[in-house]
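The values are calculated or read from the model by the stated rules, or taken from the named source; none is laboratory data. Every value quoted in this text rests on a predicted model; they were computed, and no experiment measured them. Cβ placement follows ideal geometry from the backbone for every residue including glycine, while neighbour counts extend to all protein chains displayed. Heads up: the accessible areas ignore ligands, DNA and RNA and are worked out on the full protein's heavy atoms, side chains in. Shrake-Rupley method; radii C 1.70, N 1.55, O 1.52, S 1.80 Å.
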Amino acid sequence: MLGPILYMENRGIRYDIKKAHARHKQLTEELNVQQKALNEVTGEDINVSSTKQMQAYFYGKLKLPIVTGK
């Protein structure tokens, strides 16, 4: 197992820039579609990366109970 890792470390790996850019564009488009769907369901713009916005939506607007691990 160590052999291939050392080989890649010394020689590098091939990286297809065009495919990487195309995949990035595809993922960005998919993310935008999912974000629009979330906005439609919630009725507001919510950034899922923002814990404050998510907390405000779930515990403020939806009044879900806060569950602790106790």
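Largest GNM mean-square fluctuation across T51, T28, T42, computed for the chain with C-alpha springs under 10 Å, falls on T51.
Which value in deg cm²/dmol, rounded to the nearest 500, describes the helix-derived mean residue ellipticity at 222 nm for the chain, given -39,500 (n - 2.57) per DSSP H run of n ≥ 4 and division by the residue count? Write out the running numbers ahead of the final one.
On the way: 3 runs with 41 residues, N = 70.
Counting only the DSSP helices, I get -19000 deg cm²/dmol.
With a 1.4 Å probe and every protein chain kept in, tell me what percent of the accessible surface of the chain is carbon plus sulfur. Show your work: numbers first, answer last.
Numbers: 4010 of 6800 Å².
On the chain, the fraction of accessible area on carbon and sulfur atoms equals 59 percent.
Angle of helix 17-42 to the longest C-alpha principal axis of the chain, folded into 0 to 90 degrees and rounded to 10: 10°. Taking chymotrypsin sites (Phe, Trp or Tyr not before Pro) across the chain, the ones in a DSSP loop with at most 13 further Cβ atoms lying within 10 angstrom of their Cβ are Y15.
Rolling a 1.4 Å probe across the protein heavy atoms gives the chain an accessible surface of 97 Å² per residue.
Candidates Q35, A22, V48 compared by Cα position along the dipole of segment 13-57: farthest toward the positive end lies A22, with charges placed on Cβ.
For Rg and Dmax of the Cα atoms in Å, computed directly from the structure shown, the correct entry in [x] 20.8, 56; [y] 14.4, 50; [z] 11.4, 33 is [x]. Ranked by solvent-accessible area (1.4 Å probe, protein heavy atoms only, all chains present), the residues D45, D16 order from largest to smallest as D45, D16.
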